[in-house]
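No value in this document is a laboratory result; all are computed from the given coordinates. Here the structure is a predicted model, which means the values were calculated and not measured. Glycine also receives a Cβ, built like all others from the backbone with ideal geometry; neighbour counts cover every protein chain displayed.
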Amino acid sequence: MAIGSLLIIDDDETDLFICGYTIQRFDPDIKVVQALNGREGLEVLRQERPDAIILDINMPVMNGFEFLETYARDFARPVDRPVPLVVMLTSSHLGSDRKKALQYDFVKSYFEKPLTSDNLKALADIIDTARH
Amino acid sequence: MAHAQAMEEHQAGRRATTQSERRYPWNVVRESRKPTLGITWHKAGLAAAMLSILVGTCMGSLWLLKVGFVADALPILFRMQFNTAVSFVLSGCAMIALLTGASRSATALSLTVIFIGLAFLLEPILHAGHPLDRLLLDPFRQTAPYPGHLASGTALSFVLIGVCMLVSAVTGKPTLLRIVLAATVLMTAAATLLGYGLQVITESNWPRYGHMSPHTALCFAALALPLVFLRVEERDYHASTIAAMLGAASYLLLLGLTLLDLQDAFEGTGPTVSIDPDGKTASQPILAGLLVVSGIVYAFLIVYAFRNAQRYRSMALQLRESQERMSALIDTAADGIITIDARGTILSANHAMETIFRYRSEDMLGRDIRTLIPELMPQADKDDPEAQIACAPREVEGIRRTGIRFPLDLSVARIELDSTVLYSGIIRDISERKQHEQDILEANAELEEFAYRTSHDLRAPIASSIGLTAIMRDMIGLQAPGTQLAPVIERLERGLQKLDGLIENIIQLKRSRLLDESVTSIPLASAVKETVERLRFMDPARQVSFVVDIPETLIIHTKQERLRMILDNLISNAIKYADPHEETSKVAVDAAITDDGWLELRVSDNGLGLEEGDEAGLFQMFKRFHPYRSDGSGLGLYIVKKSVEHLGGTVAYIRLDKGSRFVIRLPGGNDAWPSAHS
C-alpha cells in the first residue's frame, strides 16, 4: 500500500528541498508537511496525523532527541490508538546516536542523509508492516 | 681550672644543642641500647659464683684435711674460717641457681646464707655460747679470737649478699634495694682489698679490717659486682655512673676509715692501733699512701676531663655542621616541611612553607596547625587524637594567609623523642597540578563534544551536496530546463559556503585556544570603533545605527587578539540577528570600570532577542536559535565565552524588553591572567 502523508522535521532548508524532491519523484501523491524543528513538529502533530515522521537530530530550539522524549510522553501512550511511526534521517554516523534513537519502540529505522528512493521504499514497507 | 673550663664548654655545648633542637629537631636519633652488656654481666655472675664455690671448697678442704704445713707457711689463708668457706659454697650455689632461673632453689639457698650470717652476727648480743662455731668442724688452729666464728663484717656481708639474691629471686627483676646492698658489700670488700694493697705497699699493718681475709674480700667483691650491674639498664641506670659512684664511695670509705684510725691514734684510745717499733702510728704511712693514690687519681681525672672537653667540642662542632647542612637542605626543599607537637602547635617551618602559605616563618611558629590545614588534626572530641595524626601521603585542603583554600599533598610522620612526641609534616602545593588536571579534563570533554558535533555539522552540508548533485543528475536526465537547475546549483553553492564558514570558525576557535599572546595596553574606545567600522556594512540590506559610549581615556590591559574576537562576535551577532520588523537596527556599546575595579563592557541591540528558556544553551558549541535569519555556525558565542574565560572574566546574557544585551566583565585593569580561578 502506498504512503499517504509524511511529516518532515528538519531545520535545513536544503535538506527539506532534497526530501521534497525525492518524495515527489518517488510518489507525487504523498502529502508532505514540513516543520523546522521539534517544537514546530509537535504543533503540526496536534492537528495532522501523518503516516510517518522523518526526523533530523541536530536542530535548533528543540532537537531530535528532545522531540522524541516529548513525543513519547505526550503522544505515544499505550492507551492511545497507534501513533505515527518515526524514522530518523540524519548526517550523524555515530552508533551512540543510532542506539539512543532506536530505544524508542516507535522509532522504526535510522537513515543517513541524503534521503534516497531506496529509503522511501523501505519506509513504505515499514508502514505496511505496521498496519497489519 | 681545666676542669672548670671543660664544664663551661660542656654547658655551652648543651645550650647549643637544646637551641638547635628546638629549631631543627629532625636529626634527633634515639640512643640504641646494647643488649650484649646484660649477657656479659650474666657470664660475670656465673664466673663469680664459680670462684666463690672454688675458694670455699679449697678452704673447706684445707680445714678438713688439717694441713699443718700450709697453715704454718700461709697463716693468712686460714683466716677464712671453715664456716665462711661453707657459706661461700652456699652463696655460689645460690648465685648459680639465681642466674639459671631456678628461683625456688635460689630462694632456699639465699635464706640459708642469711640465716647463717644472722646467727653469727647476733651471737655477741645473744651470748649463746658460740654453738655454731664448732658445729661442723673443730678447728685445728686458732686464727681468730673465736675459732670457727665468722667475723661480724663477714657475717654482715653474707646477710647482705643473701638478701640481694633473695630479693632478685623473689622479684625476678633488678631492684634498687639489690643494687644498694650489693654496692655496700662491694665497697666493704673493695676497701678491705685496697687496705691489703696499701699494706703491701707501705709494709705496715692494715689495722681495722684485718679480720676479713683478702680472699674472703675477693669473693665478696666478685659476688657483689654482678649483683650491682646485672640488668641494671632495665632501670635506666647507666652502668658507668654507678661504677664511678662506687669508686668514689669506696675511696671515701677508705679515707674515712683511715682518718678515724688516725684520730684514734692521736687520742691514744684506739684499741687496734699498733705501734711500730719506730714509734710511728701505722696510719701515717697509710695516709701517705692514700695521698699518693689521691694525687694519681686526681691527675687522671684532669687528663680525662681535658680529653672529654676536647671530644665534646669536636662533637658539638660536628653536630652544628650536620644541623646546618640539614637546615640548609630543609630550607631549600621545594616542599613545605613543618614540625608540630601533639597538640598541633607549629614548632618549626621551612622556607617553602612561607611560599606555600604566604605567612612569614616567625608568624607560623606557635600557631595552631589547624589554621593552615584544618584536616591535619582530628576533631577535638575524638578519643585518641595521637593515633590519627601520622598518615601516608593524602590530599587535603590548605588555607593561605589570604584565606584562599587550595589542595595540597600531606604526609605526616611521628617522631618519638625521649620526653615527648612530635610530628613532622611534608606539604606539597598541588593547586597548579590540580588546575592543569582540570584544564585537561575540560579540554578533553570539549574535544569529545567537538568531535561529536563536527560529525553532525561538518557532514551535514556534504550530505546535502551529495543529495543536490543526485537531484541535478536526475533533472538533467529528465531534460529539465536551466531555470529549474539554477536554484539547485545556488543551494549547492550556499551549502558549500556555509561549510567554508564553519571551517573558518573552527580554525578561529582552535587558534584562540593555542594563541599565546602577551598583555598589552589597549584604548578600548578605538578598538570598539575599529570593529564597528569593519562590520558596519556586513548586511548591506540594512541600515544599522551604532552608539559607542566609551571614554577615550579608558585604557585596558589585556590580550588584543582575544579582545578582538570577543568584540567581532558580539557586534556581528547584534547586526546578524536584527529584527526585520524594526525600522532601524540599533547597536549600543558602552564600557566602564566598576567599583570593584573590573571592566564592564556591554553590547546591546534591539534585535530578535532570545526566547525564554533558551538561555541555558546560549554559550554552548553549535547552538543556533534563529535558523531562518542567518547561517551561523553556532560557534560564535562559544568563542566569546572561551575567550572571556581565558582572560579571567565572565560573560552574561541579559534579556531586554526589546533585544539582547551581553555583559562582559574582565578582571581589574592590570590583571588579565586567569588567576581568579584558583
Selection from B:L570, B:S526, B:A316, by position along the positive dipole direction of the protein assembly as shown (Cβ): B:A316
Within 10 Å of each residue's Cβ, count the other Cβ atoms and sort B:C93, A:C19 from fewest upward. B:C93, A:C19
Charge dipole of region B:364-502 built from unit charges on the beta carbon (Lys, Arg +1; Asp, Glu -1), centred at mean Cα; most positive-end Cα among B:I389, B:S411, B:L485 is B:L485
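Using the structure shown, select from A:K99/A:K121; B:K510/B:K586; A:K108/B:K510; A:K108/B:K498; B:K43/B:K173 the pairs with a Cα to Cα distance greater than 28 angstrom.
Listed pairs above 28 Å: B:K510/B:K586; A:K108/B:K510; A:K108/B:K498.
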Run the numbers on region B:333-429 and let me know its relative contact order in percent, using alpha-carbon pairs under 8 Å that are six or more apart. 29
The exposure ranking of B:S545, B:S110, fewest beta-carbon neighbours within 10 Å first, is B:S545, B:S110
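Quick one: work out the % antiparallel among DSSP beta bridges in region B:503-612, nearest 5.
Of those bridges, close to 65 percent are antiparallel.
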Sequence gap at least 6, Cα distance under 8 Å: using those rules, report the relative contact order of region A:5-131 to the nearest whole percent. 25
Estimated vicinal HN-Hα couplings, Hz - region B:158-165 in sequence order (Karplus 6.51, -1.76, 1.60; Gly, Pro = x): 4, 4, 5, 4, x, 4, 3, 5
Once R0 is set to 35 Å, what does the formula 1/(1 + (r/R0)^6) return for the Cβ-Cβ distance between B:S521 and B:D595, expressed as a FRET efficiency to the nearest 0.05? 0.95
Förster radius 30 Å - calculated FRET efficiency between B:E449 and B:R511 (Cβ-Cβ, nearest 0.05): 0.95
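For chain A, what does -39500 (n - 2.57) per DSSP helix run (n ≥ 4), summed and divided by total residues, give at 222 nm, in deg cm²/dmol to the nearest 500? Mind showing how you got there, number by number?
Numbers: 5 runs with 58 residues, N = 132.
After summing the helix terms and dividing by the residues of chain A, the value is -13500 deg cm²/dmol.
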Within a Gaussian network of chain A (alpha carbon springs, distance under 10 Å), most fluctuating of A:G41, A:G64, A:G95: A:G95
Kindly identify the protein assembly as shown as rounded, prolate or oblate by the Cα gyration tensor criterion: order the square roots of the eigenvalues as a ≥ b ≥ c, call it rounded if a/c is under 1.5, otherwise compare a/b with b/c, prolate if a/b is larger, else oblate. prolate
What is the calculated FRET efficiency for B:T371 to A:S96, with r their C-beta to C-beta distance and R₀ = 56 Å, to the nearest 0.05? 0.65
In whole Hz, the Karplus estimates of ³J(HN,Hα) for region B:343-352 (6.51, -1.76, 1.60; θ = phi - 60°; x where Gly or Pro) are 8, x, 6, 6, 9, 8, 8, 8, 5, 4
Give me, ordered by chain and number, the residues 5 or more places off A:K31 or on other chains with an amide H under 5 Å from its own placed amide H. A:S5, A:L6
Over all residues in A:13-25, what is the mean tally of Cβ atoms on other chains that come within 10 Å of each residue's Cβ? 5
Subtract the Cα-Cα distance of B:A328 and B:A243 from 0.36 nm times their separation in residues, and report this length gain in nm to one decimal. 26.4 nm
Once both labels are modelled 7 Å past Cα along the beta-carbon direction, what's the B:S61-B:L301 spacing in nm? 4.5
Which residues among region B:237-256 fall inside the zone where the amide N is under 12 Å from a point 7 Å beyond the Cα of B:V180, along Cα→Cβ? none
On average, how much area does the Cα convex hull of chain A cover when viewed from any direction, in nm²? 7.4
Neighbouring Cβ atoms within 10 Å as the yardstick, rank B:T188, B:T171, B:T216 fewest first. B:T171, B:T188, B:T216
